[in-house]
Ligand code: ZN
């Protein structure tokens, strides 16, 4: 059954505080919770508590008096209804037994690697005790944990440790008090065998905070980078947002079995271990960056999420979109800002756009859902972050910060809505943002169409813009135009940006621009034109600089113009973008030739243009590596109807090979120049150098099947690698071609790393994503391999998720890849609904593919539906069919 935003109602009771006791056991864990409650209205109204079929209710009391089922309360699978609670203050006691050791859903309290661990967002707390498990019910938690001292020496929960001691029978206890009131989804409990890396951070106002990162003993040497990242994040949030940490203790725990990336529980963040643990030998530069970003993300939630939380789960983007924006800004600060921007845009365009075009399309603030777990999406997170970025683009850094200040001034300690955030931004800037709000409620990616004209006589340059809003399945009414910020520059033939003086809008107003070289046009209508005055020469327009809005830009520019922008645009994002558009046009031209049976022929002028960027020493090395990256098969498939992914892959691979052949000497030279020995450091310089070196290696790998010298180079590169970044790059390049080298490298890698589960994820993922034909056979073997474990989400994401990214094998014309995925979804559905639902994702895009593939994918969706899957999987399958 779906629930709707419009049905929101305040909870009728408030909770002064909650005291919990956990008696941890091997057979069962007993949870005793005591709430001091009162009716908000002062009268008795029925009280609904959330629960779960896995709970065994052992006792329910009001003011110490046991309640009787059927008389005082009704109990169903997921709800407990107390019919007439007292009208004044009262104490509600509840005792439940749970079995964390049998909890394979990893939702609520469960065990990972022998330790107790919890995940309560969004609705896991109801698997622990009966409680109003909704974010607008906030209270102060006191948590006493009792457990075996030898098995569980470390006992952690939120807030401050106020008491601990030994008990009879080899047990011990700890009492934690969190002084900040919070919703149940921010509760956490961890108990087990851990060692901690400790450090301190002194806040701007002088508070000394103890920092601890807990891991299993054998991983204790892999936490330094996470600690460094945490300290950088704490400092950055003070400097950029004036936000300081608010307790004396901040803990992070690494868990091997974890559904998502990480969780911002108050003062006790729990992380998927792949997002905390890193050493030069076992983690790549990519991993180091991800860890820095996610450590930042969860830490930043302390203000954007915890101090100010969501009123209901429809508002999820209130905290996630904003926090993603904050972590993006943090990573830009720590690394190269243009590269970070490119990275983020690639995710939005290759994955969020696809989501927005599919059956699960939903607005940043959804209007309804069946399972909220299914809405931790690229739309809520990444498009949500783009919406926050647009406020920033429209209001500027100063205006944006004023809005943030007002937001905290008004709402600290509250559970609020995206409307409240919007209002704070408007009020702080004394402005109206008009139709900007529609970005929250209208799903689908707008298409922005732009044509331009230069008037020689008047010296004016005009952009005619129109926006198209797609029909989406969630739609209940006609869509209205959304305010689109279009950041623009006009590049003069000499390669420099023209100075912009004033612009006339077709709605009538003229605005003077104080001689800037970029300007943000505010498009508010379905179609609208903007005329720049005093434009001395015909410019090449650079439109949507820095990707100023998450739209599909349609604007014809010739190859000549694109090459010109590729070498001259001062906006690094658009410089990169010009290359992407150039190569995309080429790929689509070639695709037409391929599909009409012609032989493929590379456009050498494109090779030349790319060669120039590759060797332009005035540019950052990492940027150059990114410029050499082609749009993904997914992103390309999204641009054409009835796509044949295998054909796209073939053509894309032809272009890669042609670039490799055409630029071979340059790649060799770059590889050698950047192949420096020495200790690994995850600093900007080192990361940049390795990124261009490994970009060159990956291209060279495309030539290995016909070039013995390159073949030898790859093998040497693999053998000599002294860090995981270089080792994986070499392994990846070798594995692109079938043969003995590939088999040997995979074998030797396995022998070296079979004791490191996180490295095994790479080994599984690389094989799973292979585009060598017939790889399904290998997949079936890997499912039985000791390195795989269906109960561990990371392994599933690497192996099964990796496979779905193989154009050739997942999309094999006989449907065998689809059948393989469906088999797995059906198996996972019984073990872990959240993971199963995530694995259905690739099927939801079936309408993008050719008729034959559509039919095959649809048949698998129907097969899954026939097994009567859990609600998580059901929602996605049902909406897709
Ligand atoms: Zn988050």
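The values are calculated or read from the model by the stated rules, or taken from the named source; none is laboratory data. Since we're looking at a predicted model, the values are computed, not measured. Cβ sites come from the backbone with ideal geometry, for glycine too, and all protein chains shown count toward neighbours.
Data for the structure
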item: Count - residues of the range 251-265 that are more than 16 Å from the ligand (Cβ to nearest atom), crowded, with 23+ Cβ neighbours inside 10 Å and in a loop (DSSP other than H, G, I, E, B); result: 0
item: Out of 70, 64, 93, 88, sole residue that is loosely packed, with under 12 Cβ neighbours inside 10 Å, touching a residue at least 40 places away in the same chain (Cβ under 8 Å) and out of contact with any helix residue (DSSP H, G or I) (no Cβ under 8 Å at 6 or more places or on another chain); result: 88
item: The range 628-645 residues that are in contact (Cβ under 8 Å) with a residue 12 or more places away in the chain, paired with ones that are surrounded by fewer than 19 Cβ atoms within 10 Å (Cβ to Cβ) and assigned to a loop (DSSP other than H, G, I, E, B) (beta carbon under 6 Å, 6 or more apart); result: 642/850; 644/850
item: Some residue of the range 170-180 being out of contact with any helix residue (DSSP H, G or I) (no Cβ under 6 Å at 6 or more places or on another chain), in a loop (DSSP other than H, G, I, E, B) and crowded, with 20+ Cβ neighbours inside 10 Å; result: yes
item: Within the range 605-627, tally of residues that are without any contact (Cβ under 8 Å) to a residue 60 or more places away in the chain and part of a loop (DSSP other than H, G, I, E, B); result: 5
item: Residue in the range 295-313 that is away from the ligand (no atom under 15 Å from the Cβ) and in contact with a helix residue (DSSP H, G or I) (Cβ under 6 Å, 6 or more places away or on another chain) present; result: no
item: Qualifying residue in the range 314-323 (condition: within 14 Å of the ligand (Cβ to nearest atom), within 30 Å of residue 756 (Cα to Cα) and either surrounded by 23 or more Cβ atoms within 10 Å (Cβ to Cβ) or touching a residue at least 12 places away in the same chain (Cβ under 8 Å) (or both)); result: no
item: Checking residue 508 against (1) assigned to a loop (DSSP other than H, G, I, E, B); (2) more than 19 Å from residue 450 (Cβ to Cβ); (3) touching a residue at least 12 places away in the same chain (Cβ under 8 Å), the condition it does not meet; result: (3)
item: Residue list for the range 266-275, restricted to those being within 16 Å of the ligand (Cβ to nearest atom) and either at pLDDT below 95 or outside any loop (DSSP other than H, G, I, E, B) (or both); result: 268, 269, 270, 271, 272, 275
item: Residue check for residue 856: in a helix (DSSP H, G or I), farther than 28 Å from residue 103 by Cβ, free of Cβ contacts under 8 Å to residues at least 60 places away in the same chain and touching a helix residue (DSSP H, G or I) at 6+ places or on another chain (Cβ under 6 Å); result: yes
item: Filtered residues of the range 315-329 (kept if under 20 Å from residue 285 (Cβ atoms) and over 15 Å from the mean Cα position of the chain (by Cα)); result: none
item: Flag if residue 214 is crowded, with 22+ Cβ neighbours inside 10 Å and either more than 14 Å from the ligand (Cβ to nearest atom) or modelled with pLDDT under 95 (or both); result: yes
item: Some residue of the range 118-130 being surrounded by fewer than 23 Cβ atoms within 10 Å (Cβ to Cβ), at pLDDT 95 or above and in contact with a helix residue (DSSP H, G or I) (Cβ under 9 Å, 6 or more places away or on another chain); result: yes
item: Among (1) touching a helix residue (DSSP H, G or I) at 6+ places or on another chain (Cβ under 7 Å); (2) over 20 Å from residue 553 (Cα atoms) - the single one residue 533 does not satisfy; result: (1)
item: Single condition residue 435 does not satisfy, out of (1) within 23 Å of the chain's Cα centre (by Cα); (2) assigned to a helix (DSSP H, G or I); (3) in contact (Cβ under 8 Å) with a residue 60 or more places away in the chain; result: (1)
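Here is a yes/no grid of residues against (1) part of a helix (DSSP H, G or I); (2) closer than 23 Å to residue 174 by Cβ; (3) more than 16 Å from the ligand (Cβ to nearest atom):
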position: 204; (1), (2), (3): no, no, yes
position: 220; (1), (2), (3): yes, yes, yes
position: 238; (1), (2), (3): yes, no, yes
position: 277; (1), (2), (3): no, no, yes
